[in-house]
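Asker: Have a look at this one.
The values are calculated or read from the model by the stated rules, or taken from the named source; none is laboratory data. Since the model is a prediction, treat every value here as computed from it, not as a measurement. So basically every Cβ, Gly included, is an ideal-geometry build from the backbone, and we count neighbours across all protein chains shown.
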């Protein structure tokens with residue numbers, strides 16, 4: 001994987017965008033992740049119940065990591081209850097949890113009543129979608145570990161289509177941080193009553209503008225500028241990085257012609273992790 005540690009976030013974002021496809025391939029072909037993918041594809045079609053999923057630690061871990069729930073893998077009893085919930089019941093466990101990751105997992109897995117019955121697991125299209133989700137999550141997490149501002153931007157990009165109102169932001173910790181920073185709002189805002197937070201966000205930003213790609217880019221630029229300034233990120237003076245910065249600023253064909261991951265890795269091996 002190419003390392004973005006120490007880079008200004010705008011430059012890191014340009015680099016990640018230019019090399020994303022190649023980096024995804026590296027993830028898929030790495031020893032660790034290729035084994036996990038192979039096990040998932042070879043065994044998920046046998047899973048028809050929640051209990052069967054829980055009985056295979058590797059399958060269970062793969063699914064959890066695909067939904068960025070690695071920190072919850074230890075809670076198998078709770079996850080079993082969530083997946084066996086009836087989402088049609090307002091008091092069901094899956095509906096009582098505010099973290100949107102749990103509901104996303106529940107809906108995508110698609111188990112039947114009491115966690116019995118599943119036709120998704122035998123579908124090639126569903127299996128492919130799950131693998132793509134897993135790879136994307138590893139990609140985003142790898143960037144976030146080195147530059148959390150960059151990670152937040154990548155998360156925002158992936159979720160922006162689903163944001164239509166302030167509550168869509170407030171139920172997601174990462175999105176809340178993004179909008180508070182980009183709009184110049186204090187973090188103490190989160191301590192206010194939820195209705196008050198909604199009113200403030202509505203006053204500060206027109207959420208209909210998120211359908212405009214240019215507005216989304218402006219919002220990202222503001223977030224990155226404020227976040228980097230707050231964290232004291234400085235320009236890296238390495239000659240190769242200076243060259244890349246010049247290419248980004250000039251808007252020439254350098255990104256498409258030279259931002260080949262293999263070439264960059266050969267030229268600057270210290271920016272790559274094994």
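Asker: Can you pull out the residues in the stretch 84-98 that are closer than 29 Å to residue 145 by Cα and in contact (Cβ under 8 Å) with a residue 24 or more places away in the chain?
Answerer: 98
Asker: Further question: Which residues, counting only those in the stretch 16-57, are touching a strand residue (DSSP E or B) at 6+ places or on another chain (Cβ under 7 Å) and assigned to a helix (DSSP H, G or I)? Steps first, answer last, please.
Answerer: Quick first cut of the stretch 16-57, residues touching a strand residue (DSSP E or B) at 6+ places or on another chain (Cβ under 7 Å) only: 19, 23, 49.
Listed by number, the residues that qualify are 19, 23.
Asker: How many of the residues in the stretch 60-69 are in a helix (DSSP H, G or I), more than 15 Å from residue 132 (Cα to Cα) and in contact with a helix residue (DSSP H, G or I) (Cβ under 6 Å, 6 or more places away or on another chain)?
Answerer: To start, the set of residues in the stretch 60-69 that are in a helix (DSSP H, G or I) comprises 60-66.
Next, only the ones that are more than 15 Å from residue 132 (Cα to Cα) stay: 60-61.
Remaining after also requiring in contact with a helix residue (DSSP H, G or I) (Cβ under 6 Å, 6 or more places away or on another chain): 60.
Residues meeting the conditions: 1.
Asker: Return the residues of the stretch 68-77 that are surrounded by 13 or more Cβ atoms within 10 Å (Cβ to Cβ) and either under 21 Å from the mean Cα position of the chain (by Cα) or touching a residue at least 12 places away in the same chain (Cβ under 8 Å) (or both); say none if nothing qualifies. Break it down into steps so the answer makes sense when it comes.
Answerer: Step one: of the stretch 68-77, the residues surrounded by 13 or more Cβ atoms within 10 Å (Cβ to Cβ) are 68-70, 72-73, 75-76.
Across the stretch 68-77, the qualifying residues are 68, 69, 70, 72, 73, 76.
Asker: Check every one of the helices (runs of 4 or more DSSP H) wholly within the stretch 177-274 and list those with 2 or more residues that are under 19 Å from residue 15 (Cα atoms) and modelled with pLDDT of 75 or more.
Answerer: On the way: elements: 194-204, 213-231, 239-250, 254-258, 261-267.
Answer list for the stretch 177-274: 213-231.
Asker: Sticking with this structure for a sec: Sort through 118, 141 and tell me the only one that's crowded, with 17+ Cβ neighbours inside 10 Å and either assigned to a helix (DSSP H, G or I) or in contact (Cβ under 8 Å) with a residue 60 or more places away in the chain (or both).
Answerer: Working: 141 fails: crowded, with 17+ Cβ neighbours inside 10 Å.
Answer to the check: 118.
Asker: Here's something else I'd like to know. Answer yes if at least one residue in the stretch 121-136 is in a loop (DSSP other than H, G, I, E, B), in contact with a helix residue (DSSP H, G or I) (Cβ under 7 Å, 6 or more places away or on another chain), closer than 23 Å to residue 36 by Cβ and touching a residue at least 12 places away in the same chain (Cβ under 8 Å), and no otherwise. Write out each step before concluding.
Answerer: Looking only at the stretch 121-136, we keep the residues that are in a loop (DSSP other than H, G, I, E, B), and these are 123.
Restricting the remaining residues to those that are in contact with a helix residue (DSSP H, G or I) (Cβ under 7 Å, 6 or more places away or on another chain) gives none.
Checked the stretch 121-136: no residue is in a loop (DSSP other than H, G, I, E, B), in contact with a helix residue (DSSP H, G or I) (Cβ under 7 Å, 6 or more places away or on another chain), closer than 23 Å to residue 36 by Cβ and touching a residue at least 12 places away in the same chain (Cβ under 8 Å).
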